[in-house]
Amino acid sequence: MNEPAASPGAAPLLALDGVRKTFRQGGRQIEVLRGADLTVRPGEMIALVGPSGAGKSTLLHIAGLLERPSGGRVVLCGEDCAGLSGQQRALLRGRSLGFVYQYHHLLPEFSAQENAMLPLMLAGTGRAAARARAAELLEALGLEDRLGHRPAALSGGEQQRVAIARAVANRPSVLLADEPTGNLDRETAGRVFEQFLKLVRGSGIGALVATHNPALAGRMDRTLEIAGGRLKERRSG
């Protein structure tokens, strides 16, 4: 890894404490999470690994305030989210979190720059400042020649880089990514992840990244494996 992990003494941007999640299916309850604990600090990238169905997406949804846990606490940027209303959770989510998914979900009628501008303008940023910020991010991701291209004119890797720029446009504290390179071939995934890594580390964002790619997981600061509804740190070597 090219840069050091976050300082162990830094206050966590995101903390999950004993998080449980139970779903009811038919006449029985299914425990997906059984006391998951984690912390994400500034500048730290954490890989979340585990087999399909282990609960990675559920954990990301809870960390992203998209679902409420059945038990335990989620603390985001120092705020305990347990007692927050739906509106308060939405405001905190919009202010503090960025999301990257396996599929880019770009708006086809807008250019790369306009797609990256959208979250800025929705947050009240003026058009000129939004255009400048979007251009800065896209250029950092190697897309300086693609600002005016619509998604249909971009490759899969280019589309995903636009989605990454969009996710960090509002300078979130924490980035949550669910298989961000899972829809790309191995070579393209490596290139996209390299630029993703530089962008996140350069901004001081904390990132939690679900991935099935062991090569990518090995380039992050820590790897957490979800198994049996709990998280354990996977030691390198």
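The values are calculated or read from the model by the stated rules, or taken from the named source; none is laboratory data. All values derive from a computational prediction rather than experimental measurement. Here the Cβ positions follow ideal geometry from the backbone for every residue, glycine too, while neighbour counts run over all protein chains shown. Heads up: the accessible areas ignore ligands, DNA and RNA and are worked out on the full protein's heavy atoms, side chains in. Shrake-Rupley method; radii C 1.70, N 1.55, O 1.52, S 1.80 Å.
For segment 24-38, the count of residues that are in contact (Cβ under 8 Å) with a residue 60 or more places away in the chain, out of contact with any strand residue (DSSP E or B) (no Cβ under 7 Å at 6 or more places or on another chain) and exposed (fewer than 14 other Cβ atoms within 10 Å of the Cβ) is zero. Restricting attention to segment 90-124, the residues that are polar (S, T, N, Q) and without any contact (Cβ under 8 Å) to a residue 40 or more places away in the chain add up to 2. Of the residues making up segment 61-70, just one is open to solvent by 10 Å² or more (accessible area, probe 1.4 Å) and outside any loop (DSSP other than H, G, I, E, B), namely HIS61. Residues in segment 99-130 that are farther than 28 Å from ALA210 by Cβ, open to solvent by 50 Å² or more (accessible area, probe 1.4 Å) and in contact with a helix residue (DSSP H, G or I) (Cβ under 6 Å, 6 or more places away or on another chain): MET121 alone. When the residues of segment 77-95 are filtered to those that are in a helix (DSSP H, G or I) and among the hydrophobic types (A, V, I, L, M, F, W, C), the one that is least open to solvent (accessible area, probe 1.4 Å) is LEU92.
Take SER155 and tell me if it is farther than 29 Å from LEU76 by Cα, touching a residue at least 24 places away in the same chain (Cβ under 8 Å), out of contact with any strand residue (DSSP E or B) (no Cβ under 7 Å at 6 or more places or on another chain) and of a type in the set (S, T, N, Q). Don't jump to the end; show me each part of the working.
On the way: farther than 29 Å from LEU76 by Cα: yes; touching a residue at least 24 places away in the same chain (Cβ under 8 Å): yes; out of contact with any strand residue (DSSP E or B) (no Cβ under 7 Å at 6 or more places or on another chain): yes; of a type in the set (S, T, N, Q): yes.
Taking the combined requirement at face value, the residue satisfies it.
Go through the residues of segment 18-27 one by one and say whether even a single one is among the aliphatic types (A, V, I, L, M), part of a loop (DSSP other than H, G, I, E, B) and closer than 30 Å to GLY218 by Cα.
No, because not a single residue in segment 18-27 is among the aliphatic types (A, V, I, L, M), part of a loop (DSSP other than H, G, I, E, B) and closer than 30 Å to GLY218 by Cα.
Taking segment 207-237 as the range and being open to solvent by less than 50 Å² (accessible area, probe 1.4 Å) and farther than 13 Å from LEU48 by Cβ as the test, only GLY229 passes.
A Cβ distance below 6 Å, combined with a sequence gap of six or more or placement on separate chains, defines the contacts here; from segment 215-226, residues that are at pLDDT below 90 reach residues that are open to solvent by 50 Å² or more (accessible area, probe 1.4 Å) and of a type in the set (A, V, I, L, M, F, W, C) in the pairs ARG219/MET1.
Residues of segment 171-208 that are modelled with pLDDT under 90 and either under 17 Å from PHE110 (Cα atoms) or of a type in the set (S, T, N, Q) (or both): THR181, ASN183, THR188, GLN195, SER203.
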